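**Q** First the structure, which I've put down as structure tokens, then a few questions once you've had a look.
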Amino acid sequence: MSSRTIKAYAPASISNLGPGFDVLGLAIEKPGDVAIATRQKEAGLTFKLRGTVNNVPDNAQDNVAAYVSSLLIEEVKPLFGIRLTLDKRMPIGSGLGSSAASSVAALVAVNALLGSPLRKEELLPFALEGEKKIAGSGHADNVAPSLLGGAVVVRSYDPLDVVKIPIRNAIYWVVVHPHLVIPTAEARKLVPQTVPISSAIRQWGNVGGLVAGLAAGSAAMVGKCVEDVIVEPVRATLIPGFYEVKRAALDAGATGCSISGSGPAMFAVAKSPSSARAIGAAMKAAFQRAAGISSDVYISRVNMKGAKVLKEQ
């Protein structure tokens, strides 16, 4: 008997990873969003939002999870309607791929309810349309790792070509999310459209070294290569206490530290769980001391599975 309800989870992600603007990303274990898709007799899609996150659109026309689900339903044309509930748990404007997690959780739930007509990889273009709706550009460095798990490089956008990086999952990632909002669209306006060739060469070297470091599981190499000489300097101005927090991370033992996505979340690279805990505590204290801002700390290795079905009935 076909399932009548599917519950799915999609994790947060760290994108850019320093020098890899719009092309590098990896999934972490927490936080994440949950979507529940249920069969209904009425054709089409009905939508409900629940959760305590502020400023999330609660109507199907404006909510990204409902939007991408509608696109999938139009493509598959099921013989029944779908009621979608988004349990929104991730803060918006966090730099952790909040909209991506909403889209991916919804797509995985709806696709499973439809009998999984599409493979995970085939859901990616739908999620990318959600990013276009929210941020004005279809960047895949959040949706791809949230959907597929692991670490990815977006080799090309036209045509879309996403490659999973074969990694040694030995590095611990510390993510500190201060309680403030930076809209992705606003952060993208600061990105320079031209850069000196010397900066480009340094950035390319860091991207290559970062991929090599991920493959080797070398926290030392990855930390050294998360240096971003193009985007970080302009986006750092949006994050109160940024340089104090970065210094605190490095002094506490991080091998590298940068902005997660468009911010305000920051990430650091650690060699061990104990080191990660010390780094997270230092970063949290630095945000409070330097900017008077409270924050949440998340520590994990790379989430290799990505989005998943939690329950079906």
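The values are calculated or read from the model by the stated rules, or taken from the named source; none is laboratory data. For clarity, every value in this text was computed on a predicted model and none was experimentally measured. Note that each Cβ is placed from the backbone with ideal geometry, even for glycine, and that neighbours are counted across all protein chains shown. Calculation scope for accessible area: heavy atoms of the full protein, side chains included, ligands and nucleic acids excluded. Shrake-Rupley method; radii C 1.70, N 1.55, O 1.52, S 1.80 Å.
**Q** So residue 280 clears everything in (1) of a type outside the set (A, V, I, L, M, F, W, C); (2) buried (at least 24 other Cβ atoms within 10 Å of the Cβ); (3) within 20 Å of residue 150 (Cα to Cα) except one condition, right? Which one?
**A** If we test residue 280 against (1) of a type outside the set (A, V, I, L, M, F, W, C); (2) buried (at least 24 other Cβ atoms within 10 Å of the Cβ); (3) within 20 Å of residue 150 (Cα to Cα), just (3) comes out false.
**Q** Restricting to region 299-313, and then to whatever is within 16 Å of residue 104 (Cα to Cα) and of a type in the set (Gly, Ala, Ser), can you tell me which residue is surrounded by the fewest Cβ atoms within 10 Å (Cβ to Cβ)?
**A** The extreme case among them is 306.
**Q** From 238, 214, which residue is open to solvent by 10 Å² or more (accessible area, probe 1.4 Å), within 21 Å of the chain's Cα centre (by Cα) and not charged (D, E, K, R)?
**A** Among 238, 214, only 238 is open to solvent by 10 Å² or more (accessible area, probe 1.4 Å), within 21 Å of the chain's Cα centre (by Cα) and not charged (D, E, K, R).
**Q** Would you mind finding the one in 156, 116, 137 that is out of contact with any Leu (no Cβ under 7 Å at 6 or more places or on another chain), small (Gly, Ala, Ser) and in contact (Cβ under 8 Å) with a residue 40 or more places away in the chain?
**A** It is 137.
**Q** Something else: Assess whether residue 151 counts as being under 17 Å from residue 10 (Cβ atoms), in contact with a helix residue (DSSP H, G or I) (Cβ under 6 Å, 6 or more places away or on another chain) and touching a residue at least 12 places away in the same chain (Cβ under 8 Å).
**A** yes
**Q** Also, I was wondering about something else. Report, by residue number, each residue of region 91-122 that is buried (at least 24 other Cβ atoms within 10 Å of the Cβ) and aliphatic (A, V, I, L, M).
**A** Listed by number, the residues that qualify are 96, 100, 101, 104, 105, 106, 107, 108, 109, 110, 113.
So that you can scan it fast, the table gives a plain yes or no per residue for (1) within 21 Å of residue 120 (Cβ to Cβ); (2) modelled with pLDDT under 95; (3) touching a strand residue (DSSP E or B) at 6+ places or on another chain (Cβ under 7 Å); (4) aromatic (Phe, Trp, Tyr):
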residue	(1), (2), (3), (4)
21	no, no, no, yes
25	yes, no, yes, no
29	yes, no, yes, no
48	no, no, yes, no
51	no, yes, yes, no
54	no, yes, no, no
57	no, yes, no, no
60	no, yes, yes, no
71	yes, no, no, no
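**Q** While we're here: Quick test for you: out of 183, 192, pick the one residue that is more than 18 Å from the chain's Cα centre (by Cα), open to solvent by 40 Å² or more (accessible area, probe 1.4 Å), within 20 Å of residue 258 (Cβ to Cβ) and touching a residue at least 12 places away in the same chain (Cβ under 8 Å). Give the steps one after another, and end with the answer.
**A** On the way: 183 fails: more than 18 Å from the chain's Cα centre (by Cα).
Exactly one of 183, 192 is more than 18 Å from the chain's Cα centre (by Cα), open to solvent by 40 Å² or more (accessible area, probe 1.4 Å), within 20 Å of residue 258 (Cβ to Cβ) and touching a residue at least 12 places away in the same chain (Cβ under 8 Å), namely 192.
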